[in-house]
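What follows is calculated from the coordinates using simple rules that are stated; it is not laboratory data. This one's a predicted model, so the numbers in the text were calculated from it and none came from an experiment. Cβ coordinates were reconstructed from backbone atoms using ideal geometry, including for glycine residues, and neighbour counts include every protein chain displayed.
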Amino acid sequence: MADKAPTRRMVAAGLAVMPFAVQAQPMASAAADVNRSSSSENFAEAERALLAGRTPIAAGITLDVPKLSENGNSVDVLINVDSAMTREDHVRAIHILSEQNPFPRVATFTLSARAGRAEVATRIRLATTQNIVVLAETSRGAIHRAEQEVIVILGACVDGG
Amino acid sequence: MADITARVTMPTSARKGEIIEIKVLARHTMDRAVDAPGLKPSPRRIIHSFRASYAGEEIFRMALSSGIASNPFISFTTVATETGVISFEWLEDGGAVYSRAATLVVT
């Protein structure tokens, strides 16, 4: 990752063949972004696109990330969304967004009622100290939001990790 | 299909209706694209998608970016419905697909 401002659009390749109906992604520049070190879309644009005019509910998500991370190359993220996960009402997508990374859209998880629990975990790269934002979309169209700051001592852009 | 060094951690058996946790860890460098001036440009080469199917039906999918740590770790859950094969696929830039499978016995 180069230390450029995150201004280019995130790659949405791979979302194209998603069988579940997930929020429309900007597809046009997907291929172009693969060879770029930063996205054409900034954080605010990415969040606005995912919200699609809806007002997020600032509750219902437990976001477990360390408050302080010595190494931005690998930061544990555990997300738990409070949901019954029934066929009628379940979490269908969970998005991780980063305010300061070259690509604001870090990951999208697509779930169904078959998950049983809306609980996912992964490890992400963080360029610098910043807020992590998680958006969770339910099958009923509601969107939940959670945010937490992570202080990063050594950013992921420093070496090849 | 090519092979990948990966570890899949999940129970081998479960009761019907039980929620099981599946953790997958693959070995991959998740190379970011380089286009900065003065550096030799190189394309992105990451695992851009991961998907899991249970008895042929997709149960989980993840879109990854270059913001995912190398050796991508993914944890998710599913409800044990029937004895069957849970298969995992990692899709890499350039079109390579790596896969693994594990059998879950449901009692």
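General observations
- Here the residues B:THR9, A:THR122, A:THR138, B:THR83, ranked from fewest to most Cβ neighbours within 10 Å of their Cβ, fall in the order B:THR9, B:THR83, A:THR138, A:THR122.
- Simple spin-label estimate for B:ARG15 and A:ASN35 in nanometres, 7 Å along Cα-Cβ: 5.7 nm
- Segment A:46-111 has equivalent-ellipsoid semi-axes of 23, 16, 11 Å, by the square roots of 5 times the alpha carbon gyration tensor eigenvalues, sorted largest first.
- Residue mean of other protein chain beta carbons inside 10 Å, A:116-127: 6
- FRET efficiency, 1/(1 + (r/R0)^6) with R0 45 Å, evaluated for B:THR29 and A:ALA52 via beta carbons: 0.85
- Anisotropy class of segment B:54-107 from Cα gyration tensor, a/c 1.5 cut: prolate
- Between B:SER87 and A:GLU147, the modelled label-to-label distance comes to 4.3 nm, taking each label 7 Å out from Cα in the direction of the beta carbon.
- Extreme residue, positive dipole direction of the protein assembly as shown, given options A:THR129, B:GLY56, A:ALA93 (C-beta unit charges): B:GLY56
- Kirkwood Rh, Cα atoms: Rg over Rh of segment A:30-154: 0.97
- Rounded if a/c under 1.5, otherwise prolate or oblate - chain B, Cα gyration tensor axes: prolate
- With a 10 Å cut-off around each Cβ of B:35-44, the average count of Cβ atoms from other chains is 3.
- Binning the C-alpha pair distances of the protein assembly as shown at 5 Å intervals from 0 yields a P(r) profile of 1, 6, 14, 18, 20, 18, 13, 7, 3, 1, 0, 0, 0 %, listed from the shortest bin outward.
- Label separation (B:LYS40 vs A:ALA44): 4.0 nm, computed from points 7 Å beyond Cα along the C-beta direction.
- Counting Cβ atoms of other protein chains within 10 Å of each residue's Cβ and taking the mean over peptide A:72-81 gives 2.
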